[in-house]
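*Asks:* Handing you a structure now.
The values are calculated or read from the model by the stated rules, or taken from the named source; none is laboratory data. It should be emphasised that the depicted structure is a prediction, and the values quoted were computed from it without experimental measurement. Cβ placement follows ideal geometry from the backbone for every residue including glycine, while neighbour counts extend to all protein chains displayed.
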Amino acid sequence: MDRDDVVSWQRRTHDVDAFDSLHPSDTEEAHVLAVDDSLVDRKVIERLLRISSFRVTTVESGSRALQFLGLDEDKSSGHFDESSALREIPVVIMSSEKVLARIDRCLEEGAEEFIVKPVKLSDVKRLKAYMRRDSRESNKSETGNRANANRKLREEEEEEEDNNYDESDLSASSPSPPACSVSSSPPSTSSSCSSFPSSAAALAAMDERRL
Amino acid sequence: MRASLEGEKQQTDQSMDGGLMQMQRRLAEYRNALFKEGILDSQYLQLQELQDESNPDFVVEVVSLFFTDSEKLLNDLSRDLAQQNVDFKRVDAHVHQLKGSSSSIGAEKVKNACIVFRNFCQEKNIPGCLRCLQQIKQEFLLVKSKLETLFKLEQQVVAAGGSIPTVQQPIL
């Protein structure tokens, strides 16, 4: 992420109240935008993130998230600026649905990771490690902490996407109903995976067991 | 609730240490039973880990949110299923929400009942859905009553000068 882009992005959106808190000099803490339509889940994820030393903003929908980021379609000319620095923001999807086809699609569309709900502290800790590694890599090409401080990780409720696309868009076969057994979704399986390729493999194993 | 707390406190003052220990033991037994019976799962323990001096009421706050949220969802579901032409997408969306929030607080039986419900929903089986809804309501009322009792027991311990252990592994 080019430092100038970050500065110009901040200037462009400076009039938006939401961004006043994103001053690079204020804090080294990363700022996470958490999107979830469930009030209960918003409260939990907010706490999970805060206790892990993230700054958090929670919103209830995708459109609110876009508003927060200054990407209101009303304000823009009707289409998004493809070259925006906002493209650099890593997106993590969280969902209670372990549909492999959907997970694959999220990752293909550019999500960094897919977390199976309920989200645990270990999931958030893993993200922290991932972000630190990521920002270290970007710091190699840029000096200063600005990139680090402005790095935002956006977690998006996968259900938001559900509202926007058809099941028929997925090339894979339609998802089968979840198993009824109590052990169908042991959170420990997914949270112990450190990188998403292995978590995809673990989830595939779970699906196979169900068949 | 305040009146009964005062009553309990008087009882404690009379036999301080023994009373407190007894209360803490009762609390621990009650908690363990909830895990053993599958009413709560490990996610509830995760919530407790998020509670500390800076957020001393976190668990009660989240659970209270869950209660009001769920009551609304259950009403919505009753209404959805009473329609002449049932909108199953809508029903499914509501159950999905309930499944999600119950899973987030560790209300295992409610979550499992939601999973069964969704199967009937997918089959567009209205009688099945109605039966499931009854089941979910029952499980919800159960976990609500159990958690309210648990919180009361915790309050008594704290009022008697004791502390609630932050994380207690259930003895299964």
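*Asks:* Every residue in segment A:97-122 that is within 14 Å of chain B (Cβ to nearest Cβ), more than 24 Å from A:PHE54 (Cα to Cα) and assigned to a helix (DSSP H, G or I), please.
*Replies:* So the first thing to find is which residues in segment A:97-122 are within 14 Å of chain B (Cβ to nearest Cβ), and the list is A:97-99, A:102, A:115-122.
Going one step further and asking which of them are more than 24 Å from A:PHE54 (Cα to Cα), we end up with A:97-99, A:102.
Result: A:ARG102, single match.
*Asks:* How many of the residues making up segment A:27-69 are over 21 Å from B:GLN97 (Cα atoms), in a strand (DSSP E or B) and within 14 Å of chain B (Cβ to nearest Cβ)?
*Replies:* Of the residues in segment A:27-69, 1 are over 21 Å from B:GLN97 (Cα atoms), in a strand (DSSP E or B) and within 14 Å of chain B (Cβ to nearest Cβ).
*Asks:* Now for a separate question. From the list B:GLN138, B:GLN122, B:GLN84, B:GLN155, pick out the single residue that is under 18 Å from B:LEU34 (Cα atoms), more than 11 Å from the chain's Cα centre (by Cα) and surrounded by fewer than 16 Cβ atoms within 10 Å (Cβ to Cβ).
*Replies:* Working: B:GLN122 fails: under 18 Å from B:LEU34 (Cα atoms); B:GLN84 fails: under 18 Å from B:LEU34 (Cα atoms); B:GLN155 fails: surrounded by fewer than 16 Cβ atoms within 10 Å (Cβ to Cβ).
Result: B:GLN138 is the single residue among B:GLN138, B:GLN122, B:GLN84, B:GLN155 that is under 18 Å from B:LEU34 (Cα atoms), more than 11 Å from the chain's Cα centre (by Cα) and surrounded by fewer than 16 Cβ atoms within 10 Å (Cβ to Cβ).
*Asks:* Looking at (1) under 17 Å from the mean Cα position of the chain (by Cα); (2) at pLDDT below 90; (3) part of a loop (DSSP other than H, G, I, E, B), can you tell me which one A:LEU127 breaks?
*Replies:* With (1) under 17 Å from the mean Cα position of the chain (by Cα); (2) at pLDDT below 90; (3) part of a loop (DSSP other than H, G, I, E, B) applied to A:LEU127, the lone miss is (3).
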